[in-house]
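Participant: Below are the structure tokens for one structure; questions will follow.
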Amino acid sequence: GGIITQTPKFLIGQEGQKLTLKCQQNFNHDTMYWYRQDSGKGLRLIYYSITENDLQKGDLSEGYDASREKKSSFSLTVTSAQKNEMAVFLCATGTGGYEQYFGPGTRLTVL
Amino acid sequence: AQKVTQTQTSISVMEKTTVTMDCVYETQDSSYFLFWYKQTASGEIVFLIRQDSYKKENATVGHYSLNFQKPKSSIGLIITATQIEDSAVYFCAMREGASSSFSKLVFGQGTSLSVVP
């Protein structure tokens, strides 16, 4: 087993601000993912990383950057926060191409 | 493009009964994997069960089982003897790229299950 930690738990920003979300895992999994979940909807993939220093764009990558400097950590940056934006950002890890394990999420509010 | 659709927005059932949640998918891949996840009220997402497309037997884990109907591109989740703590949102997901060493998932919109006493 393992643990996925996401920081911060709640993030409040201003329009146009650059905001960074962090994810740490001790599963020792190679692949990490960032998803966005809007209220009452499913998850959409923003970025994923197969290994350290690898970055792959998902379906929703516009407006976001990502960084994977270590195997255990994966960061996501909102490059310019949009007013009234509210969503939960979920980090996940996986290995072997099968099920994924999710972190507790970061809830973003943009004023 | 691959797509996963859950048409049931919400379901309410009595405790200790059986419930089935529907999911249909679209894919061009001959081999694929299907998953069900549970999201609790706290937001925690937990993997429940997986079905490999090449397997004819329906997967079963605890009181969760699947009704895999490949000709209909359908993968239903069945929960038997439901408990109050089964109340959650359930997501169906499909993996793209069956030959890949990583798992890029496409999710459905989710079905909210409420189990009442």
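Participant: Taking a ≥ b ≥ c as the square roots of the Cα gyration tensor eigenvalues, with a/c under 1.5 meaning rounded and otherwise prolate when a/b beats b/c, else oblate, which class fits the stretch A:1-97? Intermediate values should be presented prior to the final figure.
Facilitator: Details: a/c = 1.70, a/b = 1.66, b/c = 1.03.
Because a/c hits 1.5 or more and a/b exceeds b/c, the stretch A:1-97 counts as prolate.
Participant: Could you work out the local net charge near A:Trp34, counting Lys and Arg as +1, Asp and Glu as -1, over the other residues with Cβ closer than 12 Å to its Cβ? It would help to have the intermediate numbers written out before the result.
Facilitator: Values: positive: A:Lys22, A:Arg36, A:Arg44, A:Lys57, A:Arg68; negative: A:Asp59, A:Asp65.
Net of charged neighbours comes to +3.
Participant: Any idea what the alpha-carbon Rg over 2.2 N^0.38 Å comes to for the protein assembly as shown?
Facilitator: Values: Rg = 17.7 Å, N = 228, 2.2 N^0.38 = 17.3 Å.
My calculation over the Cα atoms of the protein assembly as shown gives 1.02.
Participant: Output the pairs from B:Lys16/B:Lys70; A:Lys41/B:Lys38; A:Lys9/A:Lys41; A:Lys22/B:Lys3; A:Lys71/B:Lys3 with a Cα-Cα distance over 25 Å in this structure; if there are none, say none. Could the numbers behind the result be given before it?
Facilitator: On the way: B:Lys16/B:Lys70 29 Å; A:Lys41/B:Lys38 13 Å; A:Lys9/A:Lys41 20 Å; A:Lys22/B:Lys3 29 Å; A:Lys71/B:Lys3 30 Å.
Beyond 25 Å: B:Lys16/B:Lys70; A:Lys22/B:Lys3; A:Lys71/B:Lys3.
Participant: Hey, got the dipole for the stretch A:29-68? About the Cα centre, +1 on K and R Cβ, -1 on D and E Cβ, debye to the nearest 20?
Facilitator: 180
Participant: Putting +1 on Lys and Arg Cβ atoms and -1 on Asp and Glu Cβ atoms, find which of B:Ile79, B:Phe35, B:Val115 reaches farthest to the positive end of the dipole of chain B.
Facilitator: B:Phe35
Participant: So how strong a dipole does chain A carry about its Cα centre when Lys and Arg Cβ are +1 and Asp and Glu Cβ are -1, to the nearest 20 debye? Before the final figure, lay out the partial values.
Facilitator: Details: 12 positive and 11 negative charges, 57 e Å.
Around 280 debye, computed over chain A.
Participant: Under Stokes-Einstein, with the Kirkwood radius over Cα pairs standing in for Rh, what whole-number D in µm²/s applies to the stretch B:13-80 at 10 °C and 1.306 mPa s? Write out the running numbers ahead of the final one.
Facilitator: On the way: Rh = 13.0 Å.
Here the translational diffusion coefficient equals 122 µm²/s.
Participant: In nm, to one decimal, how far is the modelled label at A:Thr51 from the one at B:Lys3, with both set 7 Å along Cα→Cβ?
Facilitator: Placing both labels 7 Å along Cα→Cβ, they lie 3.6 nm apart.
Participant: About its Cα centre, what dipole magnitude does the stretch B:1-77 give when the only charges are +1 on Lys and Arg Cβ and -1 on Asp and Glu Cβ, stated in debye to the nearest 20?
Facilitator: On the way: 8 positive and 7 negative charges, 31 e Å.
That gives the stretch B:1-77 a dipole magnitude of about 140 debye.
Participant: With the radius of gyration and the Kirkwood radius both derived from the Cα set of chain B, what is their ratio Rg to Rh? Walk me through the numbers before you get to the answer.
Facilitator: Numbers: Rg = 13.8 Å, Rh = 14.4 Å.
Rg/Rh: 0.96.
Participant: Here's something else I'd like to know. Can you pull the one-decimal nm distance between simple spin-label points at B:Glu26 and A:Lys18, each 7 Å off the Cα toward Cβ?
Facilitator: 3.9
Participant: What list of ³J(HN,Hα) couplings, whole Hz, do you get for the stretch B:57-66 from phi and the Karplus terms 6.51, -1.76, 1.60, once you set θ to phi - 60° and write x for glycine and proline?
Facilitator: Coupling constants for the stretch B:57-66: 6, 6, 6, 9, 9, x, 9, 9, 9, 10 Hz.
Here, each number is a calculation from the coordinates, and none is a lab measurement. Note that the structure is predicted; figures quoted are calculated from it, not measured. Please note: Cβ atoms are built from the backbone with ideal geometry, for glycine as well, and neighbour counts cover all protein chains shown.
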